[in-house]
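Undergrad: Take this structure first; my questions come after.
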Amino acid sequence: MSSSKIRVLCVDDSALIRDLLSEIINAQPDMEVVAVAPDPLVARDLIKQYNPDVLTLDVEMPRMDGLDFLERLMRLRPMPVLMVSSLTQAGSEVTLRALELGAVDFIAKPSVGIRGGMLEYSDLIADKIRGAARARPRVAVPRTASTPRPATLRAPMISSEKLVIIGSSTGGTEALRVLLEPLPANSPAILIAQHMPGGFTRSFAERLDRLCNIAVKEAEDGERILPGHAYIAPGTAHLKLARSGANYIARLDDGPPVNRHRPSVDVLFHSAAECAGRNALGVLLTGMGKDGARGLLEMREAGAHTFAQDEASCVVFGMPREAIALGAACEVVPLDQMAERILRQVAASGRAQRV
């Protein structure tokens, strides 16, 4: 086995899933499965033996729950973990909890036609493993009912036509929480494209809505964009900004993937450049690949102030790196300072201007 390959350990109680992941991974020239395990207790010994670069981990397994194992693993031996999650409401909620505990990303396991569904997305699964191998594993502090909410930032009076447009991918679910939680209820309207499959975005929006001062929801076609609200692109459609008379509205587009993604950050950023120009502010957060880099440049060229997350605070520095290389970012900012910088820039930009 070549030491230059990404070494993967697959942990799943389903022999079919273990076999399918092994087939997909071993077909790639740059990765290999070094071992498989039917449960976390077996996996614990295999991690010590093989020292894998990436772990794929099922949520529901015998002998030890996947979340319990993940929490212990990230506390004692942090490493890149990809969750293997079912496409159900319960599955999406558990997956979001896993990402909060420190998992890098997740692979959605189809509920029917498992073999065909997994093989159909073999390229995406391989890309997620590559992204995980480059990720910085983080020891997350689990949130409880007693965990204090971050201090709410103050915002001056802001024009209702000012908009914040955000794109994110790997590591983005927690990055978005860190960014949105301290924003005050009178923040400008926010549109978000987060790479996430259908069936997960609604639960994600509901989770953020419970945590934030602003209202967070999954975007609906034709709805008016309002201050104090954040709109997350559904996992099955591109989100675009549009106008209806004097109002901004959301448009959903089920067209083909762009940069292999739907929703695509570039699609959202392009629509913001065309529709809002200098009245928008662009933010590109953690993620693998280049989606959003070209769109952020379009936003900057249209007069928008643009931010990219800095390397040290990214789980994966792919998308921000590409944007910075293009000259698309006016500023490169650590994640924990992003919310304050957004509000300061929106306030400094004054009243909305004609586009």
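Each reported figure results from applying straightforward, stated rules to the coordinates on display, with no laboratory input. From a predicted model like this one, the values you see are computed outputs, not experimental measurements. Neighbour counts are summed over all protein chains in view; Cβ atoms, including those assigned to glycine, are modelled from backbone coordinates with ideal geometry.
Undergrad: Starting from the 7 Å offset along Cα-to-Cβ, what nm value, one decimal, do you get for the label separation of ASP45 and SER122?
TA: Modelled inter-label distance: 3.2 nm.
Undergrad: Among ALA185, ALA329, ALA193, which one shows the highest mean-square fluctuation when the chain is modelled as a Gaussian network with alpha-carbon springs under 10 Å?
TA: Judging by the Gaussian network model, the answer is ALA185.
Undergrad: Quick one: helix 15-26 against the long Cα principal axis of the chain, what's the angle to the nearest 10°, folded into 0 to 90?
TA: In the chain, helix 15-26 runs at an angle near 70 degrees to the longest axis.
Undergrad: Now a separate question. For region 164-248, count the residues as N, evaluate 2.2 N^0.38 Å, and divide the Cα radius of gyration by that value, please. Walk me through the numbers on the way to the answer.
TA: Values: Rg = 12.0 Å, N = 85, 2.2 N^0.38 = 11.9 Å.
Against the compact-globule rule of thumb, the ratio is 1.01.
Undergrad: Something else: Specify the residue with the greatest mean-square fluctuation among GLY295, GLY131, GLY327, computed from a Gaussian network of the chain linking alpha-carbon atoms under 10 Å apart.
TA: Taking springs between Cα atoms under 10 Å, the residue moving most is GLY327.
Undergrad: Against the longest principal axis of the chain, how steep is helix 66-76, in degrees 0 to 90 to the nearest 10, with axes from Cα atoms?
TA: 90
Undergrad: Let me ask another. Under 5 Å between amide hydrogens, which residues at least 5 positions from ALA219 or on another chain qualify, with H placed 1.01 Å from N in the peptide plane?
TA: ILE232, ALA233
Undergrad: Can you give me the Cα centroid spacing of region 161-236 and region 8-38 in angstrom?
TA: 34
Undergrad: Do the sum for the chain: with -39,500 (n - 2.57) for every DSSP H run of n ≥ 4, divided by all residues, what is the mean residue ellipticity at 222 nm, to the nearest 500 deg cm²/dmol?
TA: Working: 12 runs with 129 residues, N = 355.
Taking each H run of at least 4 residues, the total per residue is -11000 deg cm²/dmol.
Undergrad: Let me check I have the definition right: for region 211-267, take the eigenvalues of the Cα gyration tensor, multiply each by 5, take square roots. What are those semi-axes in whole Å, largest first?
TA: Working: eigenvalues 83, 45, 13 Å².
Taking √(5λ) for each Cα gyration eigenvalue gives 20, 15, 8 Å.
Undergrad: Also: State to the nearest 20 debye the size of the charge dipole of the chain about its Cα centre, where the only charges are +1 on K and R beta carbons and -1 on D and E beta carbons.
TA: Details: 41 positive and 42 negative charges, 195 e Å.
Computed about the Cα centre, the dipole is about 940 debye.
Undergrad: Between (i) 146; (ii) 249; (iii) 126, which matches volume of the Cα convex hull per residue in Å³ calculated for the structure shown?
TA: Comparing each candidate, only (iii) matches the computed number.
Undergrad: In the Gaussian network model of the chain, springs joining C-alpha atoms below 10 Å, which of LEU76, LEU46, LEU183 carries the largest mean-square fluctuation?
TA: Residue with maximal mean-square fluctuation among LEU76, LEU46, LEU183: LEU76.
Undergrad: Okay, moving on. Against the 2.2 N^0.38 Å scaling, with N counting residues, where does region 11-86 land? I'd like the Cα-based Rg ratio to two decimal places. Could the numbers behind the result be given before it?
TA: Working: Rg = 11.7 Å, N = 76, 2.2 N^0.38 = 11.4 Å.
Ratio of Rg to 2.2 N^0.38 Å for region 11-86: 1.03.
Undergrad: In percent, how large is the relative contact order of the chain, given Cα pairs closer than 8 Å and 6 or more residues apart?
TA: On the way: 804 pairs, mean separation 44.2, N = 355.
Reported as a whole number, the value is 12 percent.
Undergrad: Which angle from 0 to 90°, rounded to the nearest 10, does the C-alpha axis of helix 201-211 make with the longest principal axis of the chain?
TA: Between helix and principal axis, roughly 70 degrees.
Undergrad: Right, next: What does the extension gain come out to for ASP336 and ARG115, with contour length at 0.36 nm per residue minus their alpha carbon separation?
TA: 75.4 nm
Undergrad: Which shape class applies to region 6-134: rounded if a/c is under 1.5, otherwise prolate when a/b exceeds b/c and oblate if not, where a ≥ b ≥ c are the square roots of the Cα gyration tensor eigenvalues? Please list the in-between numbers first.
TA: On the way: a/c = 1.39, a/b = 1.08, b/c = 1.29.
Rounded, since a/c falls under 1.5.
Undergrad: Shifting gears a bit: Checking the a/c ratio against 1.5 first, then a/b against b/c, what shape does the Cα gyration tensor give for region 163-348? Could you put the intermediate results ahead of the total?
TA: On the way: a/c = 1.13, a/b = 1.11, b/c = 1.02.
Taking the square roots of the gyration eigenvalues as a ≥ b ≥ c, region 163-348 is rounded.
Undergrad: Roughly speaking, what is the stretch gain from ARG63 to SER22, that is 0.36 nm per residue apart minus the C-alpha to C-alpha distance, in nm to one decimal?
TA: Numbers: separation 41, 0.36 × 41 = 14.76 nm, distance 2.27 nm.
Additional length available on full extension: 12.5 nm.
Undergrad: Give me the number: length gained by fully extending ALA347 to GLU311, i.e. 0.36 nm times residue separation minus the C-alpha to C-alpha distance, one decimal in nm. Walk me through the intermediate numbers first.
TA: On the way: separation 36, 0.36 × 36 = 12.96 nm, distance 2.62 nm.
Here the answer is 10.3 nm.
Undergrad: So for TYR50, TYR248, fewest C-beta neighbours within 10 Å to most, what's the order?
TA: Details: TYR50 15, TYR248 21.
Listed from fewest to most nearby Cβ atoms, that is TYR50, TYR248.
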